[in-house]
Amino acid sequence: VPHGPVTDPQYTLDVIRKERITALVGIPIQVLALIRLGEASGRPRPNAMKSILLSTDRVPHAVAKMIRDVWKCDVYNHYGTTEMGLGGGVDCRAFSGYHMREADLYFEVIDPATARPATEGEAGELVFTTLTRTAMPLIRYKIEDVGIPSDDVCPCKRGLPLMKLIEGRSDSFMLAPDGRMFSPIIWTLIMRKIPGVNQFKAIQEKKDLIRILVVRDQAFTEATAGQIVHDVQEVMGE
């Protein structure tokens, strides 16, 4: 059922129910709007829906989890850019990361300061080289996304290389006082385990000055704030 961008969420929900749609491909923020409208209106989830593929934008774990929990269906992530030919990698049913298109593109994760390959499990800047392209070939093309290579064997056994889900942009890397660079992924790891934090934004104004904006709920206490300070100082080596 061709639909296009969501301009009227209520109309889109009606189409999904009327046509008994079983699979949906959409932009994360628009799919999230459908979920929230359905919840706010008290209407039940589309019973026929089995799977959703999110594309065109980075998908935070919290967004994918919310969609999965509310509509009770599998939620897959697709990763790609225009320069890749739109397709780079996609989830499988094991949800262990992206399976990358190694037959067409050679991916590397590098240290943005030295351009040397990152070790397995270490965050770095994702670059790619085209292998089959006869027009506009690209070599170690920088897309400023943060990637984490993985040597894990996916439970699906398909053999395609894995890349952990893309978490942010390389221009958001931050500097610790000792000169170490660390990924914005660390903020997600810190904040995700702390109750009372709904959303957050971290901004580095100077090498030794980081401001954190926290959107909190009723579970946020002075102890929560103290835990954030402690965890951040530990990561920064202070």
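Taking each pair of different alpha-carbon atoms in region 76-143 once, compute 1/r for the pair, average those values, and report the inverse of that mean as the Kirkwood hydrodynamic radius in Å to one decimal.
Taking every pair of different Cα atoms in region 76-143, averaging 1/r and inverting gives 12.8 Å.
How much length, in nm to one decimal, is gained on full extension between ARG116 and LYS18, taken as 0.36 nm per residue of separation minus their Cα-Cα distance?
Additional length available on full extension: 30.0 nm.
In what sequence, highest mean first, do 141-152, 43-54 appear when ranked by Cβ atoms within 10 angstrom?
Sorting 141-152, 43-54 by mean packing, highest first, produces 141-152, 43-54.
Skip the ligands, DNA and RNA, and give the accessible area per residue of region 1-151 with a 1.4 Å probe, whole Å².
With all protein chains present, region 1-151 gives 55 Å² per residue.
What is the antiparallel percent of DSSP beta bridges lying wholly in region 11-90, to the nearest 5?
Bridges in region 11-90 are about 20 percent antiparallel.
So how much slack lies between GLU39 and LYS142, counting 0.36 nm per residue of separation and subtracting their Cα-Cα distance, in nm?
33.1 nm
Share of region 79-140's accessible area from carbon and sulfur, percent, 1.4 Å?
55 percent
What nm value, rounded to one decimal, do you get for the distance between ASP69 and LYS50 when each label is placed 7 Å out toward the C-beta?
It is 2.6 nm.
Can you pull the three principal axis extents for the Cα set of region 2-141, in Å, largest first?
Principal-axis extents of region 2-141 (Cα, largest first): 53, 33, 24 Å.
The values are calculated or read from the model by the stated rules, or taken from the named source; none is laboratory data. Bear in mind that the values here come from a model prediction, so they are computed numbers and not experimental data. Cβ atoms come from the backbone with ideal geometry, glycine included; neighbour counts cover every protein chain shown. Ligands, DNA and RNA are excluded from the accessible area calculation, which covers all protein heavy atoms including side chains. Shrake-Rupley method; radii C 1.70, N 1.55, O 1.52, S 1.80 Å.
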